[in-house]
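Presented below is the structure to which this report refers.
The values are calculated or read from the model by the stated rules, or taken from the named source; none is laboratory data. If you're wondering where the values come from, they're calculated on a predicted model, not measured in any experiment. Cβ sites come from the backbone with ideal geometry, for glycine too, and all protein chains shown count toward neighbours.
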Amino acid sequence: AVVIGHSEIVGKPIAFLLMAEGATVTVCHHMTKDVADHSRRADAVFVAVGKPNLITAGMLKSGTTLIDIGINRITNDQGKSKIVGDSDFESCSEKAGWITPVPGGVGPVTVSYLMRNSVSAARKLKSHYEAQFNYTIDSTY
């Protein structure tokens, strides 16, 4: 797998999660000499750099999985604002075996995990205070 972008909140955690699952991971960043050389050999490409349409079909191996985590606002030729990812969806979708759209790809997954983790944190905090103060908090609402 190739991870393009090495931010603390997206790139690095993805790389570590992939390695924990046994994947061989190459991390590319702004100092990487030829990102396309790496991405063309990858079965899976994860991109999160904040550069609209950075990844093109020519940078992908045929049939690869492209996970686009980037979200960028651009102005199209008609002067209208549009949300796009870090990959050129139109060209990449012709070459990739699977590709996440932007918007609507990983965003909903991010929101659902945020909600799940928020509920989990609230439950842990409730348990902590109940144990500390020997008091049961009514959570029927």
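Go through (1) touching a strand residue (DSSP E or B) at 6+ places or on another chain (Cβ under 6 Å); (2) among the hydroxyl-bearing types (Ser, Thr, Tyr); (3) not assigned by TED's automatic domain parsing to the domain that holds residue 30 and name the single condition residue 65 misses.
(3)
Would you mind listing the strands (runs of 3 or more DSSP E) fully within the stretch 40-141 where at least 3 residues are loosely packed, with under 15 Cβ neighbours inside 10 Å?
72-75, 81-84
Just give me the residues in the stretch 24-33 being closer than 22 Å to residue 88 by Cβ and in contact with a strand residue (DSSP E or B) (Cβ under 9 Å, 6 or more places away or on another chain), in sequence order.
26, 27, 28, 29, 32 - these are the residues of the stretch 24-33 that are closer than 22 Å to residue 88 by Cβ and in contact with a strand residue (DSSP E or B) (Cβ under 9 Å, 6 or more places away or on another chain).
Suppose the filter is under 18 Å from residue 29 (Cα atoms) and out of contact with any strand residue (DSSP E or B) (no Cβ under 6 Å at 6 or more places or on another chain); does residue 60 pass it?
Here the answer is yes, as residue 60 does meet what is asked.
I need the full set of residues from the stretch 47-94 which are in contact (Cβ under 8 Å) with a residue 40 or more places away in the chain, small (Gly, Ala, Ser) and touching a helix residue (DSSP H, G or I) at 6+ places or on another chain (Cβ under 7 Å), in order please.
48
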